[in-house]
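Beneath this line is the structure, given in structure tokens, with notes to follow.
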Amino acid sequence: MKLNWNSQIIGSKVILVPYGPKHVPKYHQWMKSSELQHLTGSEPLTFEEECEMQETWKNSDDKCTFIILHRETFEDKNSNEIEAMIGDTNIFLKEEEGSKLGEAEIMIAETSFRGQHLGWQAMTLMLLYGIEYLKIDAYEVKIKLENQNSISMFEKLKFEETSRSEVFGEMTLVAKVSSDWTAFLKKSAGNFELKEYKHE
């Protein structure tokens, strides 16, 4: 997204950076996983198609994406983003009955980094970014029914189930933006800062 192309969000455990060309090779390797394809509802792409997708996301006005870096690895590896990459988080924007709705997604692709509260922090930072800079009024998430860890996380983030589809094997959960919920997210996210991101 043009808006976040020069922004990074630094949290205590993760750093969110814009999805750039240098990230594509590792991201492409992730998405060869049939498990990740299933959980994210994605189709396998060729490397060339993945490069085109990255460029599309960069220039889009209604799709916001950040690559998730593990902060400790990033600092230990001399600021090497590729070695620190562990997943991504996205928001798809759409207008619905005069309100701005954001469909949120998160993926911790590196299995060794799951279960460490990293997805939680990355998601709270992304939700707060959407509230503050994208002016989102409500969020929804669509999660595979067997992905109980993700369902549990979003329920703890105060999303509520609105529907489920046995045909598609997924559940839809929604959260409306309010001052109380925003305060809850800020408390959950911990200390963070938004800084300018300088592309190499």
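Screening 153, 107 for residues that are in contact with a Gly (Cβ under 6 Å, 6 or more places away or on another chain) and not basic (Lys, Arg) leaves exactly one candidate, 107. Looking across region 140-154, just one residue is at pLDDT 95 or above and over 18 Å from residue 91 (Cα atoms), and that is 152.
Residues in region 134-148 include at least one that is free of Cβ contacts under 8 Å to residues at least 40 places away in the same chain, surrounded by fewer than 12 Cβ atoms within 10 Å (Cβ to Cβ) and either in contact with a Phe, Trp or Tyr (Cβ under 6 Å, 6 or more places away or on another chain) or not charged (D, E, K, R) (or both). Considering region 92-107 alone, what residues qualify as being over 17 Å from residue 128 (Cα atoms) and aliphatic (A, V, I, L, M)? Correct list: 107 only. Would you call residue 178 surrounded by fewer than 16 Cβ atoms within 10 Å (Cβ to Cβ), among the polar types (S, T, N, Q), modelled with pLDDT of 95 or more and more than 30 Å from residue 24 (Cβ to Cβ)? Taking the combined requirement at face value, the residue satisfies it. Restricting attention to region 78-122, the residues that are in contact with a helix residue (DSSP H, G or I) (Cβ under 7 Å, 6 or more places away or on another chain) and within 18 Å of residue 182 (Cβ to Cβ) add up to 6.
If you take the residues in region 24-45 that are more than 18 Å from residue 113 (Cα to Cα) and modelled with pLDDT of 95 or more, which one is surrounded by the most Cβ atoms within 10 Å (Cβ to Cβ)? Write out each step before concluding.
Step one: of region 24-45, the residues more than 18 Å from residue 113 (Cα to Cα) are 24-25, 28, 32, 34, 37-38, 41-45.
Subset that is modelled with pLDDT of 95 or more: 24-25, 28.
Working: 24: 17, 25: 12, 28: 19.
Looking at residues that are more than 18 Å from residue 113 (Cα to Cα) and modelled with pLDDT of 95 or more, I get 28.
Let's see how each residue does on (1) buried (at least 17 other Cβ atoms within 10 Å of the Cβ); (2) modelled with pLDDT under 95; (3) of a type in the set (Gly, Ala, Ser):
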site	(1), (2), (3)
92	no, no, no
97	no, yes, no
101	yes, no, no
109	yes, no, yes
119	yes, no, yes
122	yes, no, yes
127	yes, no, no
159	yes, no, no
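For region 118-141, a residue qualifies if it is assigned to a helix (DSSP H, G or I), under 12 Å from residue 157 (Cα atoms) and β-branched (Val, Ile, Thr), and exactly one does: 124.
Check region 62-85 and report whether any residue there is touching a Leu at 6+ places or on another chain (Cβ under 8 Å) and free of Cβ contacts under 8 Å to residues at least 24 places away in the same chain. Among the residues of region 62-85, not one is touching a Leu at 6+ places or on another chain (Cβ under 8 Å) and free of Cβ contacts under 8 Å to residues at least 24 places away in the same chain, which makes the answer no.
Tallying residues that are in a loop (DSSP other than H, G, I, E, B) and more than 27 Å from residue 5 (Cβ to Cβ) within region 151-200 yields 7.
The values are calculated or read from the model by the stated rules, or taken from the named source; none is laboratory data. All of these numbers come straight from a predicted model, not from anything done at the bench. Cβ sites come from the backbone with ideal geometry, for glycine too, and all protein chains shown count toward neighbours.
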